[in-house]
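The values are calculated or read from the model by the stated rules, or taken from the named source; none is laboratory data. Quick caveat, the model's predicted, so the values are computed rather than measured. Cβ sites come from the backbone with ideal geometry, for glycine too, and all protein chains shown count toward neighbours. Please note that ligands, DNA and RNA were not included when accessible areas were found on the heavy atoms of the full protein model with its side chains. Shrake-Rupley method; radii C 1.70, N 1.55, O 1.52, S 1.80 Å.
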Amino acid sequence: MPALEEALAQELDSLRTRGLYRSPRLVREAQGPRVRIDGKDYLCFCSNNYLDLAAHPEVKDAASGAIMRYGWGSGASRLISGTMELHTALEKELADFKRAESAILFPSGYMANLGVISALVGPGDTVAVDKLDHASIIDGCRLSGARLRVYPHGNTGKLDKILRESSGSPRRLVVTDSIFSMDGDLAPLEEIARIARQRGAWLMVDEAHATGVLGAGGRGAAELLGVEEEIPISLGTLSKALGGSGGFVAGSSVLIDYLRNKARSFIYTTAPPPATCAAAIAAIRIVRRDAVLRESLISKSDRIRNGLAALGFDTMGSSYHIIPVLMGEASHAIEASDALFRKGILAPAIRPPTVPRGKSRIRITATAAHTDEDIECLLEAFRDVAKSSAALHQEVRANVPKK
Ligand SMILES: Cc1ncc(COP(=O)(O)O)c(C=O)c1O
């Protein structure tokens, strides 16, 4: 067996050779439409801080007020002595917001997926997922020990077949993203809910990127598509449009009571700091009262998408606020991302294993706080990307679906 460092260094070298090595950029000061890196301001077109609530004054006040009153830590896990009044206040706020009987808070969306899926299904059961579901869903399925069946992206016919074939499983669970995090398209929730109901399977929808953004009330894609009543297990995060961190599940009182007793990533971890709960409550209240924020985000996103399409880029049939710009090979995505960075735009290359091979991309996301000039700068920078790399542009153009 090779020595530890030798083995790891070899693997890192291999990542570098294949253009898959990643390292973070250090952002100084607060998250917002602009971020400061190495003493210079960059337009940030890649965060999930969609409504610019990460450093909103009301949210900051709520967090600092809570720190002064409750301190920094919660001291223990939720079922020992860590449940403080702000945890239950946030869970009540989440349940009200989602129009559900009850809600349960997790330290992150990742942990919510791990905990919920592994609590609901186990060995002998079947879990069906969309090919493009988020990594945390896949990890939750693997942890559960249930049989994992993957259907091609959005293919409800295949989902139906999986559920028919697995009718002997004691429990069958379907899990899908609502808006796909890297592709920006919506799952056919109405059809998925119909099939799950017809085949007697349970359904869980991950609204991580839709929470706060989609639907007239900001409750997510299920609200937008008018199928909220059809989704018994609704997962969301506080880490995207709500600007902070944390994950949650909203549903019936029995479901939430069960998860409190069975979800290991809820039980065996220290309760989130009370200040994050206070900040989340403030953020949810802003979302509930201010529809203009999400409307502005969507109209800015539409402008960007149309501008990119006019330049010949393939935005992969996305809609709403997540805009993938297909580059193909990882090296092309890196080239484009570097060119954007030189023009003052932060938008890293998204590469395998986050997306399939040959589908590397730049994932553009605006915030409600970007200005018209910011959007012009972004499109101008992409114009240069298109010009400066004729080969790349040709490849990307070749991917534009023929009308
Ligand atoms: C669909 C989806 N679910 C869950 C998560 C995990 O959420 P968190 O970042 O709060 O852990 C993400 C994060 O990107 C996501 O895209």
In the range 334-346, the residues that are open to solvent by less than 60 Å² (accessible area, probe 1.4 Å) and either touching a Gly at 6+ places or on another chain (Cβ under 9 Å) or closer than 20 Å to Leu15 by Cα (or both): Ile334, Ala336, Ser337
Every pair of residues 6+ apart whose Cβ atoms lie under 8 Å, when the first sits in the range 176-191 and is without any contact (Cβ under 8 Å) to a residue 40 or more places away in the chain while the second is assigned to a loop (DSSP other than H, G, I, E, B): Pro188/Gly154
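If a residue counts only when it is at positive phi, which helices (runs of 4 or more DSSP H) contained entirely in the range 134-217 have at least 1 such residues? Reasoning before the result, please.
Numbers: elements: 135-144, 156-165, 189-198.
Passing ranges: none, list empty.
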Members of the range 364-373 found to be touching a Pro at 6+ places or on another chain (Cβ under 6 Å) and surrounded by fewer than 23 Cβ atoms within 10 Å (Cβ to Cβ), listed by number: Ala369
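Can you tell me how many residues in the range 205-220 are within 11 Å of the ligand (Cβ to nearest atom) and closer than 17 Å to Ala95 by Cβ? Please lay out each step first, then the result.
Filtering the range 205-220 for residues within 11 Å of the ligand (Cβ to nearest atom) gives 205-211.
Now restrict to residues that are closer than 17 Å to Ala95 by Cβ: 205, 207, 211.
Total satisfying the criteria: 3.
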Residue ranges of strands (runs of 3 or more DSSP E) in the range 20-129 with at least 3 members under 14 Å from Gly244 (Cα atoms) and outside the structural domain of Pro273 (by TED's automatic domain parsing): none
Conditions (1) open to solvent by 10 Å² or more (accessible area, probe 1.4 Å); (2) touching a His at 6+ places or on another chain (Cβ under 7 Å); (3) more than 12 Å from the ligand (Cβ to nearest atom); (4) not small (Gly, Ala, Ser): number failed by Leu186: (2)
Subset of the range 59-98 (residues that are among the acidic types (Asp, Glu) and open to solvent by less than 80 Å² (accessible area, probe 1.4 Å)): Glu91, Glu93, Asp96
In the range 374-385, residue farthest from Gly307 (Cα to Cα) [restricted to those that are open to solvent by 10 Å² or more (accessible area, probe 1.4 Å) and touching a residue at least 60 places away in the same chain (Cβ under 8 Å)]: Cys377
Subset of the range 225-256 [within 16 Å of the ligand (Cβ to nearest atom), over 13 Å from the mean Cα position of the chain (by Cα) and farther than 16 Å from Glu93 by Cα]: Ile231, Ile233
Qualifying positions in the range 121-143 - buried (at least 16 other Cβ atoms within 10 Å of the Cβ) and more than 16 Å from the ligand (Cβ to nearest atom): Val121, Asp125, Thr126, Ala128
Enumeration of residues in the range 300-333 that are assigned to a helix (DSSP H, G or I), surrounded by 18 or more Cβ atoms within 10 Å (Cβ to Cβ) and under 21 Å from the mean Cα position of the chain (by Cα): Lys300, Ser301, Ile304, Arg305, Ala333
Lone unmet requirement of (1) touching a Pro at 6+ places or on another chain (Cβ under 8 Å); (2) part of a helix (DSSP H, G or I) for Leu15: (1)
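Table: residues versus (1) aromatic (Phe, Trp, Tyr); (2) out of contact with any Leu (no Cβ under 7 Å at 6 or more places or on another chain); (3) closer than 27 Å to Glu191 by Cβ; (4) not assigned by TED's automatic domain parsing to the domain that holds Thr83.
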residue	(1), (2), (3), (4)
Leu238	no, yes, no, no
Ser245	no, no, no, no
Val254	no, yes, yes, no
Thr270	no, yes, no, no
Ala278	no, no, no, no
Ile284	no, no, no, no
Ser301	no, yes, yes, yes
Gly307	no, no, no, yes
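Across the range 334-370, which residue is farthest from the chain's Cα centre (by Cα) among those that are of a type outside the set (Gly, Ala, Ser) and part of a helix (DSSP H, G or I)? Show your work before the answer.
First, the residues of the range 334-370 that are of a type outside the set (Gly, Ala, Ser): 334-335, 338, 340-343, 345-346, 348, 350-357, 359, 361-365, 367, 370.
In the following step, the residues that additionally are part of a helix (DSSP H, G or I) were identified as 334-335, 338, 340-342.
Working: Ile334: 22, Glu335: 25, Asp338: 24, Leu340: 23, Phe341: 23, Arg342: 27 Å.
Restricting to residues being of a type outside the set (Gly, Ala, Ser) and part of a helix (DSSP H, G or I), the top hit is Arg342.
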